């Protein structure tokens, strides 16, 4: 049995502050990211408190996905610093970086479930292989999480035997299995048929109430409006507006935010004034 | 002219002994070559995926040399050139008769011909296998890697738990084909005087001129061996989810 050298998920000096009241979970300090000569994130500063639920929206190509992929270092920053629970993360590599990642759940647009494993094994694998759990314990926890997302009866199904909405709920269970205190969603409903968006949003709504820090890149305005504590609007690699959902949807300040909302909320009337 | 095949001329007496011995020799050298090729391909894949440019360059050179030269030439090289360069004491030892180095059916395996044939077949096949496994790895979507990395998997665990199982499933048919090639190409070892199946049925031709019957039986034995080996690899190989027997798939999806 192959095992990594990481210690158990729960204990880490880096994350010992995570239960204190309203500390900062994620902080961007003048972060920039370029792919070659092409800048994708320009000098972004942002602070997300523990337990906050933040929706990130903006036109495609605005850098939203890159923004959250920088947090768990699926991409590395070109300039600036990202702090997780007030600890800088830029220099981390090897076991320290893997340790950091086990505390940050990530949910992908295309689910990315391990195609050769059942739903239950998808959820339990990291516990067994990365954290050295006993198989029976890991499978028990996986089943409990699948129950939480309403899929206990699909535990023995393979990803291709599940609908898109079911796959994404398994992916959320998988992201939660190491008890992360931050969870990142990269357009979690964009690849779903419309009738399956609701089941995923309901799981996310339940999760938002649990006190976990959530950063959600989304085109789903109902999520941003009803579940998020704060909406961040990005365009051209910059954060142009941050506001409470009600302010953002009713009184967007930045002209590009106004134009974006007009297109998203009234796609048949892209040129008339903001929705009255 | 009316010609009647005479099967008794090959299926009795000395010719039958040769055919049985040749068949078993082909079976054993294929198994030995397959084990060697499998061990080598594990090593080659590990080297190729390492960070070292030197190691990756060495794998590229290995693949290039063994894929782009004829197997017969490689076998002749191992037997006539490389084997002769071994220390004399080794060659004497290998050339001796050893009671313990005999497979069932009285097939001695510690002989210069057997060793060179298995070695040559193993190296040649490994060069092809490494590219089949690589193609399988390339076919695994990038999202699988990203998901595992974001869960804190190390490179090694990612490879062993996520990528290789899917790569081997995707590439299993071509991989099976390479092992079958190894078995069939063992017939080229007749060129170094290795008494495997092809060598033995050729011998029948000069013994009693039953060329048609001899090669017909030989061909059928290769066919049977190939079908059995291919079938075993399919039955015991990795399966896609829909190929696995499952009790509760059809409950309302």
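Here are some notes:
- Segment A:141-179 versus segment A:195-211: alpha-carbon centroid distance in Å: 13 Å
- Per-q log10 I(q)/I(0), the protein assembly as shown, q = 0.05, 0.06 Å⁻¹ (Debye; single scatterer per alpha-carbon; no solvent): -0.33, -0.45
- Inter-probe distance in nm under a simple model that places probes 7 Å from Cα toward Cβ, at residue B:208 and residue B:232: 3.1 nm
- With q set to 0.22 Å⁻¹, the log10 of I(q)/I(0) for segment B:99-193, from the Debye formula over equal scatterers at the Cα positions, is -1.04.
- Relative exposure of A:234, B:183, B:227, B:233, judged by other C-beta atoms within 10 Å (fewest first): B:227, B:233, B:183, A:234
- Cα gyration tensor shape of segment A:190-269, rounded if a/c is under 1.5, else prolate or oblate by comparing a/b with b/c: oblate
- Theoretical FRET efficiency, 1/(1+(r/R0)^6), r = Cβ-Cβ of residue B:82 and residue A:37, R0 56 Å, to 0.05: 0.60
- Computed on the Cα trace of segment B:133-253, the radius of gyration divided by the Kirkwood hydrodynamic radius gives Rg/Rh = 1.21.
- Sorted from greatest to least, the principal axis extents spanned by the alpha carbons of segment A:24-265 come out as 53, 42, 32 Å.
- Segment B:17-88 shape via C-alpha gyration tensor axes, a/c threshold 1.5: prolate
- All C-alpha pair distances within chain B, sorted into 5 Å bins from zero, spread as 1, 6, 10, 13, 15, 14, 12, 10, 7, 5, 4, 2, 1, 0, 0, 0 percent across the bins.
- Structure remark: mean-square fluctuation, Gaussian network model of chain B, C-alpha springs under 10 Å; the largest value among B:129, B:232, B:121 belongs to B:232.
- Using just its DSSP H runs of length 4 or more, each adding -39500 (n - 2.57), chain A gives a mean residue ellipticity at 222 nm of -10000 deg cm²/dmol after division by all residues.
- Choice from A:113, A:192, A:74 with maximal GNM fluctuation in chain A (Cα, 10 Å cutoff): A:74
- Tensor-based shape of segment A:94-136 (alpha-carbon gyration tensor, a/c under 1.5 rounded, otherwise prolate or oblate): oblate
- For chain A, the longest principal axis of the C-alpha atoms and the axis of helix A:164-176 are separated by about 70°.
- Cα-based helix-to-principal-axis angle, B:13-49 vs chain B, degrees rounded to 10: 20 degrees
- Nearest 10 degrees, 0 to 90: helix A:255-265 Cα axis against chain A principal axis: 70 degrees
- Cβ-based exposure ranking for B:213, A:206, in which fewest neighbours within 10 Å come first: A:206, B:213
- Structure-based [θ]222 nm, chain B - -39500 (n - 2.57) summed over DSSP H runs of at least 4, per residue, nearest 500: -21500 deg cm²/dmol
- The radius of gyration of the Cα set in segment A:144-221, together with its Dmax, comes out at 12.0, 34 angstrom.
Readers should treat all values here as calculations from the given coordinates under stated rules, not as data from a laboratory. Please read these numbers as outputs of a predicted model, since none were measured by experiment. Don't worry about glycine lacking a Cβ; one is built from the backbone with ideal geometry, like all the others, and counts go over all protein chains shown.
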